Amino acid sequence: MTALSPVDRSRRRLALLPLAALAGGCAQLISRMPSTGPTRDEIEQAAPLPGTAAVQLIELDDLIARRLLGQRRQRLFSETLGQAPVPQPEIGPGDSLEIHIWEAPPATLFGTGTADPRALSLVRPATLPEQTVDRAGYISVPFAGRVRAGGLSAQAVEAEIARLLRGKANQPEVVVRLLRNSSAVVTVVGEVAQSVRMPLTASGERLLDALAAAGGVRQPVSKMTLQVTRGNNYHSLPLDVVIRDPRQNVPMKGGDVVTALFQPLSFTALGATGKNEEINFEAQGINLAQALARAGGLVDSRSSPQGVFVFRFEPEPALTWPRQPVATTPDGLVPVVYRLDLNNPQSFFVMQSFFVNDKDVLYVSNAPATDMQKFLNLVFSAVYPLVNIFNATR
């Protein structure tokens, strides 16, 4: 073998210096490799500073999923608003009434005064001008004075007017008809074709009738939530639940306000998933298995099956928190990190019971070997040119 000249030996040493530097600092280089986020170990080992409150790290299992699912259950309209038929709407302030009064012959107040019994078939009613119920609930009827109508049915008002006319009119008979209903109405607003005030009738209109009166919703049904405000309380339910379950198509009451809400719920997928982006989902919700599928699943070449995390804010009473003291936001929410180990087959059942909340962050960490692979790629990208230099000096 030909001995190397001093110049060639110097070139070889210079070529090997970068390799030695890479080998000596490999641990530091691996720790500083580019990454999409923290590793599983970094998340699990993150400890709060002394004297500070802790973010909670919860291992997601069947017990935790069941407890959260129990808290998540929405009360149905059939439970909160009831399914009993609503009584016929009562007359209220602002309603307009049409009043007809008959007298037996001879009519003394409202008729012609004829005494011929054969003229009975010719008796015509006296139709009063349209009466509007005032704010106090009264109307005015000639010879009867102020008559209370508010809070009564049309039949009750008829009886009251006839009672007040007895002794003045000859055997009076009264018919009261509701011309315009301005008090027993349902207001429909929100993401509908046209906001309306729907008068209630004796037929007993229901929730979907009110929605139809407004021309239906302007957004996809799966993304709509209906909120019914009754008195000082309000209740919400996804529209598709109301459509699929006839029991939730509850009867309306006067004064109800139906608000059609377009709520584009979403979660954010980050890390070693098929796509990193904000992903919308339906108002009825999706579970973690569906969320992972919509995010493109785990990237086989770099994801850690043990590093599936969900970052969320939970109400403080939601669970028993293992880390004390507990960190909370100004509105009393606890920052929580749920971890799921997909190496455990049981986890595939657990994540079907764990539902994703609006604004959750789904994060999948890289596998430990991924950083090593990045390091080796960096080494090889540096080594190949140096090997060429080394070979050239031989």
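The values are calculated or read from the model by the stated rules, or taken from the named source; none is laboratory data. Worth saying up front: this structure is predicted, and the values here are computed from it rather than measured. Neighbour counts run over all protein chains shown; Cβ positions are idealised from the backbone, glycine included.
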Residues in the range 81-93: is at least one assigned to a loop (DSSP other than H, G, I, E, B), modelled with pLDDT of 75 or more and over 30 Å from His235 (Cα atoms)? no
Can you pull out the strands (runs of 3 or more DSSP E) entirely within the range 299-368 that have at least 2 residues that are in the same structural domain as Gln56 (by TED's automatic domain parsing), more than 29 Å from the chain's Cα centre (by Cα) and not aliphatic (A, V, I, L, M)? 303-315, 361-366
Test: Pro105 is in contact (Cβ under 8 Å) with a residue 24 or more places away in the chain and in a loop (DSSP other than H, G, I, E, B): yes
How many residues are surrounded by 19 or more Cβ atoms within 10 Å (Cβ to Cβ), more than 17 Å from Leu60 (Cα to Cα) and not small (Gly, Ala, Ser) when one looks only at the range 303-318? 0
Gly190 passes all but one of the listed conditions (1) under 19 Å from Ile99 (Cβ atoms); (2) of a type in the set (Gly, Ala, Ser); (3) crowded, with 19+ Cβ neighbours inside 10 Å; the exception is number (1)
The range 179-201 residues that are farther than 15 Å from Glu90 by Cβ and at pLDDT below 90, paired with ones that are among the small types (Gly, Ala, Ser) and surrounded by fewer than 20 Cβ atoms within 10 Å (Cβ to Cβ) (beta carbon under 8 Å, 6 or more apart): Leu179/Ser96
Counting only residues that are within 12 Å of Leu292 (Cβ to Cβ) and touching a helix residue (DSSP H, G or I) at 6+ places or on another chain (Cβ under 6 Å), which one in the range 343-361 is surrounded by the fewest Cβ atoms within 10 Å (Cβ to Cβ)? Gln352
